[in-house]
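The values are calculated or read from the model by the stated rules, or taken from the named source; none is laboratory data. Note that the structure is a prediction, hence the values are computed from the model and not measured. Cβ sites come from the backbone with ideal geometry, for glycine too, and all protein chains shown count toward neighbours. The area values use the complete protein model at the heavy-atom level, side chains included, leaving out ligands, DNA and RNA. Shrake-Rupley method; radii C 1.70, N 1.55, O 1.52, S 1.80 Å.
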Amino acid sequence: MTLKNKKILLIIGGGISAYKSLDLIRLLKKNEINIKTIITKSGREFVTPLSVTTLTKGRTYEDIFDTKTEAEIDHISLSRWADLIVVLPATANFMTKLSIGKAEDLATTVLLASNKDIALVPAMNVRMWLHKATQKNFKILQDYGYDFIGPEKGEMACGEYGEGKMSSPRQIYSYIKNYFDKKNLMKNKNFKALVTAGPTREYLDPIRYISNESSGKQGYEIAKALDKLGIKTKLISGPSNNVANKNIKVKSVISAKDMMDEVKKSLPVDIAVCTAAVADYRPLIKSKNKLKKSSSNIINLKLEKNSDILEFLSKNNKFRPKIVVGFAAETENIIHNSKIKIKEKYCDLIIANDVSKKNRGFNSDYNKVSIIDKNGKIHSIPKNKKSFIANTIAKKILDKLLVDDKNIN
Ligand code: PMT
């Protein structure tokens, strides 16, 4: 796909790698991409606005309180103009400002006011990159929805070696190309997804039930992340206090049977993600009236198996979604047991999570997962907010879908 006339706002920060922005501009211009540039005060110590303007053939914006800038295009319009914003180099200092929402100059104000996708290209010394403060900001910014290009491992300007080196103009260009290719494919596809979330309740009588501690948070975040990627998403949720975006169609259900019925009604879809903690068993008999206390110290409760929704989707001959994703809630031998589950349930990906810890998994804002594919390939995501985990899973699903789609067509 051609990138002709795509609009990129390039923000040049203050670091030695700023000089690479000139090569990137040349690459973008060669592909007839429209570019506007902002250069920060410290960026001007490394690259002159004149060099940038010579290559872009347009004005390089510098200051927020500049009457000429505001008369030509105000900072809000500048933040709305672009299809994609790229910041390079994103220094440790710049990342700190963004992580606390500081709007102190044109660059940070435009970014805070932006409603567009933003990619940061970090560049700094390895110790600075690995410092807890930078890593904390990195996580915060990922959680805010910023995307990152790099950093790479390699020899640095200071002579040290390690992670923190800025991606090359070619790598940044590939990211940009891939970004627009994906957007373009999505526009034509109208992908549909269903997500199951939350617990189910299996009633013994009108007021007592068997359930679990699932809050629905992880499932709601998955639905939000898919919606953000432009996928029409339906969320089938057991009892939960979470609220979904208005774009997402939510269907509330109570029992595993209700959830299965609703899933059946929602087919066909392209993607199915089963995040719900569905009760494996339900009471064989549901009493119409409240059960009375018995004189016996022990009572027997007969349970019968619920149908497995994930397995139903994976084995569905008529309406099998192109991608079926399951979650594996495990308390021991996490990876081994999850690999067994992916085989037993015939899904394409399984998200393994350790639910033995109180500070993540069930009913927490955090999770730590491993995404496992059918060939046993593992992509582990360290502990992070469920929103971040969800965004990573959603992007992975979309990438897989687009690759499979390309191979079929
Ligand atoms: O809701 P939160 O508080 O945010 O917590 C998130 C979570 C811990 C519930 C979530 O991350 C998670 O692990 N969900 C899966 C819970 C579960 O039931 O796992 P399982 O290993 O028992 O089941 C494996 C898979 O089969 C799951 O995708 C489950 O949705 C599915 N299943 C199970 C039984 C059944 N009858 N039908 C199903 O579809």
In whole Hz, what ³J(HN,Hα) sequence does the stretch 225-236 give by Karplus (6.51, -1.76, 1.60; θ = phi - 60°), x for Gly and Pro? 5, 5, 4, 4, 7, x, 9, 5, 10, 10, 10, 10
If amide hydrogens are placed 1.01 Å from N in the peptide plane, which non-local residues have theirs closer than 5 Å to the one on Phe148? Leu120
So for the chain: antiparallel DSSP bridges make up what percent, rounded to the nearest 5? 30 percent
Taking all protein chains as present, what is the carbon and sulfur share of the accessible area of the chain, in % to the nearest whole number, probe 1.4 Å? 50 percent
Distance violations [Cα-Cα > 23 Å] among Lys57/Lys97; Lys257/Lys358; Lys136/Lys182; Lys374/Lys395; Lys183/Lys265; Lys358/Lys396: Lys57/Lys97; Lys257/Lys358; Lys136/Lys182; Lys183/Lys265; Lys358/Lys396
accessible surface per residue for the chain, probe 1.4 Å, DNA/RNA/ligands not counted, whole Å² -> 52 Å²
Rh by Kirkwood over Cα pairs, then Stokes-Einstein D for the stretch 7-186 at 0.692 mPa s and 37 °C, µm²/s: 201 µm²/s
When the chain is modelled as a GNM with alpha-carbon springs shorter than 10 Å, which of Ser17, Ser296, Ser79 fluctuates the most? Ser296
Eligible aspartates and glutamates near Lys192 by straight Cα distance, threshold 12 Å, same-chain separation 8 or greater: Asp227, Asp270
Short version: ³J(HN,Hα) in whole Hz for each residue of the stretch 39-53, in order, from phi by Karplus 6.51 cos²θ - 1.76 cosθ + 1.60 (θ = phi - 60°), x for Gly and Pro, what are they? 10, 7, 4, 6, x, 5, 6, 10, 9, 8, x, 5, 4, 5, 4
Got a sec? What order do Glu152, Glu45 fall in by accessible area at 1.4 Å, biggest, i.e. largest, first? Glu45, Glu152
Net charge, Glu32 excluded, C-beta distance under 9 Å - Lys, Arg +1, Asp, Glu -1: +4
Springs between alpha-carbon pairs under 10 angstrom, Gaussian network model over the chain: which of Lys290, Lys386, Lys183 fluctuates most? Lys290
Taking the chain as a Gaussian network, Cα atoms linked when under 10 Å apart, which of Lys246, Lys116, Lys57 shows the biggest mean-square fluctuation? Lys246
Interchain or sequence-distant (5+) residues whose placed amide H lies within less than 5 Å of the amide H of Ile210 are Glu202, Tyr203, Leu204
Of Thr54, Thr96, Thr91, which has the most accessible area and how do the rest follow, probe 1.4 Å? Thr54, Thr96, Thr91
Which order do Arg208, Arg127 take when ranked by solvent-accessible area (1.4 Å probe, heavy atoms of all protein chains), largest first? Arg127, Arg208
